[in-house]
1. Just give me the residues in region B:173-187 being within 14 Å of another protein chain (Cβ to nearest Cβ) and surrounded by fewer than 16 Cβ atoms within 10 Å (Cβ to Cβ), in sequence order.
2. I'm checking my understanding of the structure. Among residues of region A:214-229 that are modelled with pLDDT of 95 or more and of a type in the set (Val, Ile, Thr), which one is farthest from residue A:26 (Cα to Cα)?
3. Does residue B:164 fit the bill of being outside any loop (DSSP other than H, G, I, E, B) and closer than 30 Å to residue A:69 by Cα?
4. I'm trying to understand the selection: among the residues of region A:51-68, which are more than 9 Å from every other protein chain (Cβ to nearest Cβ) and assigned to a helix (DSSP H, G or I)?
5. Give A:270, A:211, A:207, A:190 a once-over and let me know the one that is modelled with pLDDT of 95 or more and closer than 30 Å to residue A:66 by Cα.
6. Consider residue B:134 against the criteria (1) closer than 23 Å to residue A:59 by Cβ; (2) in contact (Cβ under 8 Å) with a residue 12 or more places away in the chain; (3) in a strand (DSSP E or B): it satisfies all of them except one. Which criterion is unmet?
7. Mind telling me which of the residues B:70, B:66, B:89 ends up being under 30 Å from residue A:180 (Cβ atoms), of a type outside the set (A, V, I, L, M, F, W, C) and out of contact with any Lys or Arg (no Cβ under 8 Å at 6 or more places or on another chain)?
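The values are calculated or read from the model by the stated rules, or taken from the named source; none is laboratory data. This one's a predicted model, so the numbers in the text were calculated from it and none came from an experiment. Cβ placement follows ideal geometry from the backbone for every residue including glycine, while neighbour counts extend to all protein chains displayed.
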Amino acid sequence: MAFLAQQILWGALLPALLALVVLMAVNWRTWRVAEVSLHWGTPAALAAGYLFAHWRIIGLPLAFPPNDSTEWLFVVAVATALWGIVEQFAGGRFLLRDAGRLVFTAAFAWLVLRPLMANLWQGSVGYLWWGGLTLGWWLWWSFQARLAARIPGLLVPLVLSAVAGGGGFVLLWSNSSSLSQLSGAVSAVAGALVPVLLWRRDTTVGAGSVAFVAGVLGLIWLNAIAFVPVPVGRIVGLAIASLTPVLALLPTLKRRGWWVVVAVCFLVTALILISIMLPTYWAYVASAQTYGY
Amino acid sequence: MVYNNIGRWMLAVIVSVAFAVMPASAQTYQIDPVHTSLIFRVKHMNTAYIYGRFNQVTGTIVVDERNPARSSVNIEVDANSVYTANEQRDNHLRSPDFFNTRQFPTIRFTSTEVRRVNANTLQVKGNLTMHGVTRPITVNVLLTGKGRNPQGKEIIGFETTFTVRRSEFGMRYGLPGLGDEVRVTLSVEAFR
């Protein structure tokens, strides 16, 4: 089998299938009874798919604590799956969830960025990077959590999946293939939520699912900024592209049909993604010689 | 009294001449980055070998010819200086897929044991630290020559070739399409 086909099979298709099978198993009740949100076991289903992909793409961590910044993504996937269950049961207690999320993001950002603070970002510069990246990650995740609570149906996971996929190309063209593939894996498992919510327009994706996707994708972006490095503006652009479901709350759109809302939000997401991907691609093909991995 | 002073004077002269003529037991050389080459090769898609090099190699070599066990080697390689004649590939090698040079900017080798194999060959055991992972390696080092450089400094040259598995250093991206075994050749010129 061709190299690229193998990467897609093991890094995206099989993880999505695995996540979908576990999702179906834990959410069987959602089809029988009209639940407010997906089952609390949903983040574990997403984690199963992602961890499979992580194992196939870069292998299991060689040690604990992990040695390499990228290996922390395996740990954060397990941690966010567990934290996602906590968020699911914490329900509408947003302040409690916000505070826990702040501790979570600050702790993981510290663990991952610590080696850079010892050499590249010494002194106050290191603390500024740590504080800034933690704040950005936390704000984005908290915004996503609020969107997911207010917007039922497939829109939120669809947009998150698209942004993780588009972000994967941005990372690929920034010379980081492993982070690109891991972003693709997040896209695949988030995409597995879409068919589950296709016919359940009144069911939200759940705080746990958002915790998993925002936790892992957030750390991929933090890795991209700190270690590749990808310009901060491009990652901020990706984060903005993921917030388009907020348009669904506009009264003018609310009056339209469900498919129109989804189409408009997806179109705006796609336009923002293209505006980030194109310059990245041009910079990639314009630099030096063709490489092609 | 006069004979006694002459005797002391002669003894001082003999000792001075002896120290000047005999080499010191252990001599410390600085690696000359300009005349040192660190090249590597790795197989691409199980087809052809790609060659690359690191352009910044520094360190010290302590040579004790009478007692090689007292010799030692300390080498530092700037991982950011990786060069494969393709800017994108060099940036990819610096990324977290491979060396992750922002997190691990330096590759180090520190010897732990040196022993003579024959007149021109030494066996050097030591610890190689790369990508944050330290592993023991053993290499045979050939003494390639000694002399003086145009600036009049004493120089000495060594060469070694050895193989490492990058997966053992936590660099597992792209396996098996991009080979696991990396053959490394280090040719050092050091001066004092």
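1. Across region B:173-187, the qualifying residues are B:175, B:176, B:177.
2. Among residues in region A:214-229 that are modelled with pLDDT of 95 or more and of a type in the set (Val, Ile, Thr), the one farthest from residue A:26 (Cα to Cα) is A:225.
3. Spelling it out, residue B:164 is indeed outside any loop (DSSP other than H, G, I, E, B) and closer than 30 Å to residue A:69 by Cα.
4. A:51, A:52, A:53, A:54, A:55, A:56
5. A:190
6. (2)
7. B:89
Here's the yes/no breakdown for (1) farther than 18 Å from residue B:27 by Cα; (2) in contact with a Gly (Cβ under 6 Å, 6 or more places away or on another chain); (3) away from every other protein chain (no Cβ under 14 Å):
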residue: B:91; (1), (2), (3): yes, no, no
residue: B:95; (1), (2), (3): yes, no, no
residue: B:99; (1), (2), (3): yes, no, no
residue: B:136; (1), (2), (3): yes, no, yes
residue: B:151; (1), (2), (3): yes, no, yes
residue: B:161; (1), (2), (3): yes, no, yes
residue: B:171; (1), (2), (3): yes, no, no
residue: B:189; (1), (2), (3): no, yes, yes
